[in-house]
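The next block holds one structure in the form of structure tokens; read it before the comments.
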Amino acid sequence: METPPLISFARGAPSLDIVAVDELRAAAQRAFENDPGGTTAYGTAIGYVPLREWIAEYQQVAPDQIVVTNGSMQADAFLFRLLVEPGDVVIVEAPSYDRTLLSLRELGAELIAIPLEEDGVDVEAIARACEAGARPKLAHIIPNFQNPAGCTLSLEKRRRLLDLAKTYDFTLFEDDPYVELRFEGEPLPTMLSLDDAERVVYASSFS
Ligand SMILES: Cc1ncc(COP(=O)(O)O)c(C=O)c1O
């Protein structure tokens, strides 16, 4: 008997039959035609300027707040390398994306794993950890259709997390590659859009 192909739930890797190959080919063609210089020449280190402007408009932020990276995993890598030193405390969700955990462990972070509930991470458990003396530098949160649990963080919990980040002075990394995958219900505001204290670094993905 043939072994059925393995479906890995570790990555958000789409099935090849739903990758929009024809549309991607047409988009590449348009890019070469409309902006051959921009498509082939060296650009700025922070990314192709028209793309930064497009993302800025989409996210309703200023273009100079945008950095274009090779996937959101590279954004993780940049941020973690900038912020995390050996022994630094980082809050992660339990369970969470294996690559995130791997890169944080490689940097020597001390991970506090906070369980997920149906409406996202147990924010009161984060509050209790901080009240008990934990001083996280960073919290890594996957707000929509969490990988691997699939849950979505409620609006109340988004607000509570922002309060905690302000009170205990940590950075919230909102890792949001799945935000566009909603089939029903209203999208919830990003923590980035609710943030009034510059506590949030937001990453999404074209993957
Ligand atoms: C939570 C999370 N963040 C980031 C990534 C990687 O995204 P990208 O392909 O944009 O690097 C994945 C991929 O599975 C993921 O599940």
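The values are calculated or read from the model by the stated rules, or taken from the named source; none is laboratory data. Note that the structure is predicted; figures quoted are calculated from it, not measured. Every residue, glycine among them, receives a Cβ derived from its backbone with ideal geometry; neighbour counts consider all protein chains shown. Note: areas computed on protein heavy atoms with side chains; ligands, DNA, RNA excluded. Shrake-Rupley method; radii C 1.70, N 1.55, O 1.52, S 1.80 Å.
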Can you tell me which residue is farthest from Ser193 (Cα to Cα) among those in the stretch 20-67 that are modelled with pLDDT under 90 and of a type in the set (A, V, I, L, M, F, W, C)? Ala41
Looking at (1) more than 16 Å from the ligand (Cβ to nearest atom); (2) among the hydrophobic types (A, V, I, L, M, F, W, C); (3) assigned to a helix (DSSP H, G or I), which is the only condition Ile46 fails? (3)
Residues satisfying the stated conditions in the stretch 126-148, i.e. of a type outside the set (A, V, I, L, M) and surrounded by fewer than 22 Cβ atoms within 10 Å (Cβ to Cβ): Arg128, Cys130, Glu131, Gly133, Arg135, Lys137, Phe145, Gln146, Asn147, Pro148
Suppose the filter is in contact with a Phe, Trp or Tyr (Cβ under 9 Å, 6 or more places away or on another chain) and not in a loop (DSSP other than H, G, I, E, B); does Thr39 pass it? yes
Suppose we keep only residues that are over 16 Å from Glu93 (Cα atoms) and not acidic (Asp, Glu) within the stretch 163-175. Which one would you say is surrounded by the fewest Cβ atoms within 10 Å (Cβ to Cβ)? Thr167
Filter pass, Ile114 being part of a helix (DSSP H, G or I), at pLDDT 95 or above and more than 15 Å from the chain's Cα centre (by Cα): no
Considering only the stretch 68-112, state which residues are small (Gly, Ala, Ser), away from the ligand (no atom under 15 Å from the Cβ) and surrounded by 15 or more Cβ atoms within 10 Å (Cβ to Cβ). Ala109
Within the stretch 133-150, residues without any contact (Cβ under 8 Å) to a residue 40 or more places away in the chain and more than 22 Å from Gly108 (Cα to Cα) come out as Phe145, Gly150
Those residues of the stretch 52-65 that are outside any helix (DSSP H, G or I) and either within 15 Å of the ligand (Cβ to nearest atom) or in contact (Cβ under 8 Å) with a residue 60 or more places away in the chain (or both) come to a total of 2
Flag if Asp35 is under 27 Å from Leu101 (Cα atoms) and either among the hydroxyl-bearing types (Ser, Thr, Tyr) or open to solvent by less than 100 Å² (accessible area, probe 1.4 Å) (or both): no
Looking only at helices (runs of 4 or more DSSP H) that lie completely in the stretch 118-206, which have at least 3 residues being closer than 24 Å to Asp98 by Cα and modelled with pLDDT of 95 or more? 123-131, 155-167
Filter the stretch 176-207 down to the residues that are surrounded by 15 or more Cβ atoms within 10 Å (Cβ to Cβ), within 12 Å of the chain's Cα centre (by Cα) and either hydrophobic (A, V, I, L, M, F, W, C) or closer than 18 Å to Leu155 by Cβ (or both) and list them by number. Asp176, Tyr178, Val179, Thr190, Met191, Leu192, Val200, Val201, Tyr202, Ala203
